[in-house]
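Each value in this text was obtained by applying a stated rule to the coordinates, not by laboratory testing. The model shown is predicted, which means the values in this text are computed figures rather than measured ones. Counting neighbours? That spans all protein chains shown, and the Cβs are built from the backbone with ideal geometry, glycine included.
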Amino acid sequence: MVALTSADRDYALGLGRAFGGAILFGLPLLMTMEMWSLGVTTHAWRLLLFLVLNFWVLVVLSRFGGFEPTSSLNDDLLDALAAYAVAIAAAACVLALFGLIRFDTPLNEWVGMIAVQSVPASFGAMLARKQLSTGDSRNDEDQAARAEGYGGQLFLMLAGSLFLAFNVAPTEEVSLVGFKMTPWHSLALVAASLLLLHILVFAIGLSGQKQRPHGYGIGRLFLVYSVPGYGIALLVSLYVLWTFGSTDGQNLEALVGSTVVLGFPAAIGAAIARLVI
């Protein structure tokens, strides 16, 4: 019998935590009926494009807060692949336990369901080390330092927006709320989203949040961080809605309304990304 090295044991533990993180982050959507149908109804090429883009988000996320410390692009690529593999395995196991995929389930249906569910689960797998272990303080500091630049901050906002928007987008309530809102409601929601993003990032001192850069006043912070962050949240929201076909056949007013509605949780995700990444 070949003895495992310390590095092998650490990696095996990391994979175990990744599996737990995948279930923890993915379970709310694994038990959501809309997500089961989206795996069947989502356009195959749109879903494939989303999976590819999500993979590259995971690659960068690995550098900032992956399930093991990395030092090169190859390491980040391998960890992103591992996170996806763990997410697929976790999603398949849970869906099978729920009886949603069986031996007689058509291939395209179970592939689609697992593919859709693997996105939130992959985030959980990638972030498992920080969330489910005590971690290595020096490695955590190194990863945190990588995210301190302006580009790193905007990327974390994108990742947080993507995760939370994906959790809300499958529900029909997004379109329903957008339909019920008047233009004044939409403008108020835009203002509230911007204000909450700014407050959560800079004003109330949540653990892990961004410290105010030296020499930045409130106005400059708002223009340089909060406005671009909300813009990212809106773009992510629009893209997720397009992926799921929620933009098809909508007029401009309905499209703007749905995007603004989904942009609200996406902005919250952008603001609190540092809490989990």
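Using the Cβ-Cβ distance between residue 5 and residue 75 with R0 = 25 Å, the FRET efficiency computed as 1/(1 + (r/R0)^6) comes to roughly 0.90. In terms of packing, defined here as the mean over residues of other Cβ atoms within 10 angstrom, the peptides 169-182, 110-123, 91-104 line up highest first as 110-123, 169-182, 91-104.
Each of the peptides 44-50, 153-159 was scored by the mean count of other Cβ atoms within 10 Å over its residues; in descending order, highest first, they stand as 153-159, 44-50.
Other residues whose C-beta falls under 15 angstrom from the C-beta of residue 169 contribute a net charge of -3, scoring Lys and Arg +1 and Asp and Glu -1. Treating r as the C-beta distance of residue 48 and residue 218 and R0 as 45 Å, the FRET efficiency rounds to 0.55.
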